[in-house]
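What follows is a short report on a single structure.
The values are calculated or read from the model by the stated rules, or taken from the named source; none is laboratory data. Quick caveat: nothing in here was measured; it's all calculated off a predicted structure. Note that each Cβ is placed from the backbone with ideal geometry, even for glycine, and that neighbours are counted across all protein chains shown.
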Amino acid sequence: MTAQQEQQCYAYALVRTDLPLPAQLVQVGHACLQAGKQFLQPTEPCNLIVLAMVLQAHLQAAIDFVTFNGISYTAFTEPEHNLGITAACTQPLNLQQRRVFKHYKLWSI
C-alpha cells in the first residue's frame with residue numbers, strides 16, 4: 001500500500017433501498033451535502049462509497065454500529081414525507097476506520 005493510498009479519505013453513504021430508485025438517489029445527495037457542510041474542508045478530496053440498507057431498521061442499526069465505533073455521521077430525514085431517516089453519510093474515514101463497513105452490502109440497481 002502506498003503512502004498516497006493511506007492518506008486518501010472515504011465517506012460512506014448509507015441509503016434505504018425500500019424507497020423508489022429516484023428517491024434513493026435524492027436521499028444520498030441530501031445526506032452527502034449535509035456531510036460535506038459538516039465534515040469536509042473545501043480542498044480535501046474524498047471518495048464516496050454507497051451502501052444499501054434494506055429497511056429503516058437496518059439503517060438505524062448501521063448508524064448505531066457506526067456510533068459505537070466512534071465514527072461521526074450526519075443523517076437525513078425527508079421533511080416532506082413521514083419516512084424517518086432515509087440516508088446517512090459518515091465523516092471522512094481513513095483506511096483503518098473504513099474496515100467497520102466491510103460486512104455491509106454495496107448499493108446497486
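Pairing residues of the range 1-30 that are closer than 14 Å to Val50 by Cα and modelled with pLDDT under 95 with residues that are buried (at least 16 other Cβ atoms within 10 Å of the Cβ) and of a type in the set (D, E, K, R), at Cβ distances under 7 Å and at least 6 apart in sequence or on separate chains, gives Tyr10/Arg98. Only residues that are farther than 10 Å from Leu14 by Cβ, among the hydroxyl-bearing types (Ser, Thr, Tyr) and not in a loop (DSSP other than H, G, I, E, B): list them for the range 65-85, please. Thr67, Thr74, Thr77 - these are the residues of the range 65-85 that are farther than 10 Å from Leu14 by Cβ, among the hydroxyl-bearing types (Ser, Thr, Tyr) and not in a loop (DSSP other than H, G, I, E, B).
Here's the yes/no breakdown for (1) surrounded by 12 or more Cβ atoms within 10 Å (Cβ to Cβ); (2) small (Gly, Ala, Ser):
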position: Leu55; (1), (2): no, no
position: His58; (1), (2): yes, no
position: Glu78; (1), (2): yes, no
position: Ala87; (1), (2): yes, yes
position: Pro92; (1), (2): yes, no
position: Lys102; (1), (2): no, no
position: Ile109; (1), (2): no, no
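Among the numbered conditions (1) free of Cβ contacts under 8 Å to residues at least 12 places away in the same chain; (2) in contact with a strand residue (DSSP E or B) (Cβ under 8 Å, 6 or more places away or on another chain), the only one that Val54 does not meet is (1).
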